[in-house]
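Undergrad: Dropping a structure here in structure tokens format, bear with me for questions.
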Amino acid sequence: MQKSGGISLYWYELIKNFPTQNVNIQFLENKKIDNLFRNQLNLQDTTIHHRSEPIIIDRFTPVRIHNDSIKPTIFHSSYYRRLRNKSENVKEVITLHDLTEIEYYNFTRYFHKKQIIKAIHQADGIICISNKTKSDLFQHFPEVNSKPIKVIHHGITSHYRILPKKELIRLTNKLELQYLLNKDNIVLYVGNRKAKYKNFLPMVKALKNTDYKLIIAGGEELSRKELILLNNNLP
């Protein structure tokens, strides 16, 4: 449902490794989706059940699946969708990344918040990606503590590794020379800049008239409005 982001990468890594696990897996996918990570996956057409509803409707609509009553099935939604026709041999699992929508609520996210709450209550099992997320879950929804809840931390891809000392020194010197930086005056901003709870705008204004240098990693291309903001505050 998003073009890119942390949750998309999480599912990309999971799906990429499923063929090696010898499991029977089927995917529900909206035909209108345009996700950078999905485009890198080579899935067999026979495993995909296409949905054609507008994405804004599809993301909030409970899913109806047709299941062989003999075989137990696990339904794991990538983003808090629920089953409409739940049966005894189908178990629903959700992955809870954080409770941002609950803790930083605003009216424009009303339907998203309601969707998460319903998914939490309907789930047969919940995966939390950290102990902090699990703690937040119990704080806001103490009634779910009887459900099977497991903390499974995010994995690390092969792109992340400990650099040899010589390579680390070389890259550090290159960055310092290229951006006139030193390790004591760098602020790194990672990810989506449009989500208000990530405070990109207040952060830029807070860095005004300081010696800090801002490095932005990820997210979409800087918009004209963002370029004006940066030029006015961090020339």
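The values are calculated or read from the model by the stated rules, or taken from the named source; none is laboratory data. Owing to the predicted nature of the structure, the values given are computational and were not obtained by experimental measurement. Glycine gets a Cβ as well: all are built from the backbone with ideal geometry, and neighbour counts include every protein chain shown.
Undergrad: Every residue in the stretch 80-130 that is among the acidic types (Asp, Glu) and either loosely packed, with under 15 Cβ neighbours inside 10 Å or farther than 19 Å from Trp11 by Cα (or both), please. Step through it out loud before you land on a result.
TA: Keep residues of the stretch 80-130 that are among the acidic types (Asp, Glu), which gives 88, 92, 98, 101, 103, 124.
Correct list: Glu88, Glu101, Glu103, Asp124.
Undergrad: If I filter the stretch 145-153 for residues that are modelled with pLDDT of 85 or more and of a type in the set (Ser, Thr, Tyr), do I get at least one hit? Walk me through it before giving the result.
TA: In the first step, residues of the stretch 145-153 are kept if they are modelled with pLDDT of 85 or more; the result is 145-153.
When the remaining residues are screened for being of a type in the set (Ser, Thr, Tyr), the result is 146.
So far as the stretch 145-153 goes, yes, one or more of its residues are modelled with pLDDT of 85 or more and of a type in the set (Ser, Thr, Tyr).
Undergrad: Which pairs have Cβ atoms under 7 Å, sit 6 or more apart or on different chains, and link a residue in the stretch 136-159 that is within 22 Å of Ile117 (Cβ to Cβ) to one that is of a type in the set (Lys, Arg)?
TA: As it stands, the answer is Ile149/Lys134; Val151/Lys134, since those pairs meet every condition given.
Undergrad: I've got another one for you. Would you confirm whether or not the stretch 3-20 contains a residue that is at pLDDT below 75, within 17 Å of the chain's Cα centre (by Cα) and surrounded by fewer than 15 Cβ atoms within 10 Å (Cβ to Cβ)?
TA: Yes, that holds for at least one residue.
Undergrad: Another question about this same structure. Limited to the stretch 134-151, what total is found for residues that are within 27 Å of Arg84 (Cβ to Cβ) and among the β-branched types (Val, Ile, Thr)? Quick ask: steps written out before the conclusion?
TA: Going residue by residue through the stretch 134-151, those that are within 27 Å of Arg84 (Cβ to Cβ) are 137, 140-141, 143-150.
Applying the additional criterion that residues be among the β-branched types (Val, Ile, Thr) yields 144, 149.
Result for the stretch 134-151: 2.
Undergrad: Can you tell me which of Asn173, Asn85, Asn89 is more than 22 Å from the chain's Cα centre (by Cα), modelled with pLDDT under 90 and not assigned by TED's automatic domain parsing to the domain that holds Tyr12?
TA: Details: Asn85 fails: not assigned by TED's automatic domain parsing to the domain that holds Tyr12; Asn89 fails: not assigned by TED's automatic domain parsing to the domain that holds Tyr12.
On inspection, the qualifying residue turns out to be Asn173.
Undergrad: Sticking with this structure for a sec: With respect to Phe138, is the statement that it is closer than 23 Å to Ile56 by Cβ and either surrounded by fewer than 15 Cβ atoms within 10 Å (Cβ to Cβ) or touching a Ser or Thr at 6+ places or on another chain (Cβ under 9 Å) (or both) true?
TA: Numbers: closer than 23 Å to Ile56 by Cβ: no; either surrounded by fewer than 15 Cβ atoms within 10 Å (Cβ to Cβ) or touching a Ser or Thr at 6+ places or on another chain (Cβ under 9 Å) (or both): yes.
No; evaluated as a whole, the condition is false for this residue.
Undergrad: Would you mind stating whether Ile127 is under 24 Å from Ser77 (Cβ atoms), modelled with pLDDT of 80 or more and in contact with a Ser or Thr (Cβ under 9 Å, 6 or more places away or on another chain)?
TA: Values: under 24 Å from Ser77 (Cβ atoms): yes; modelled with pLDDT of 80 or more: yes; in contact with a Ser or Thr (Cβ under 9 Å, 6 or more places away or on another chain): yes.
Here the answer is yes, as Ile127 does meet what is asked.
Undergrad: Pairs under 7 Å by beta carbon, first residue closer than 18 Å to Gly191 by Cβ and assigned by TED's automatic domain parsing to the domain that holds Val187 in the stretch 205-234, partner of a type in the set (Val, Ile, Thr) and part of a strand (DSSP E or B), six or more apart or different chains?
TA: Leu207/Val187; Leu214/Val187; Ile215/Ile186; Ala217/Val190; Gly218/Val190
Undergrad: Only one residue in Ile162, Ile169, Ile149 is more than 26 Å from Phe75 (Cβ to Cβ) and either surrounded by 10 or more Cβ atoms within 10 Å (Cβ to Cβ) or of a type in the set (Phe, Trp, Tyr) (or both). Which one? Show your work before the answer.
TA: On the way: Ile162 fails: either surrounded by 10 or more Cβ atoms within 10 Å (Cβ to Cβ) or of a type in the set (Phe, Trp, Tyr) (or both); Ile149 fails: more than 26 Å from Phe75 (Cβ to Cβ).
The match here is Ile169.
Undergrad: Whether any residue in the stretch 186-199 is at pLDDT 90 or above and either under 26 Å from the mean Cα position of the chain (by Cα) or not polar (S, T, N, Q) (or both) is what I want to check.
TA: Yes, there is a match, as at least one residue in the stretch 186-199 is at pLDDT 90 or above and either under 26 Å from the mean Cα position of the chain (by Cα) or not polar (S, T, N, Q) (or both).
Undergrad: Ile127 - would you say it is over 30 Å from Ser223 (Cβ atoms), in contact with a Leu (Cβ under 8 Å, 6 or more places away or on another chain) and not acidic (Asp, Glu)?
TA: yes
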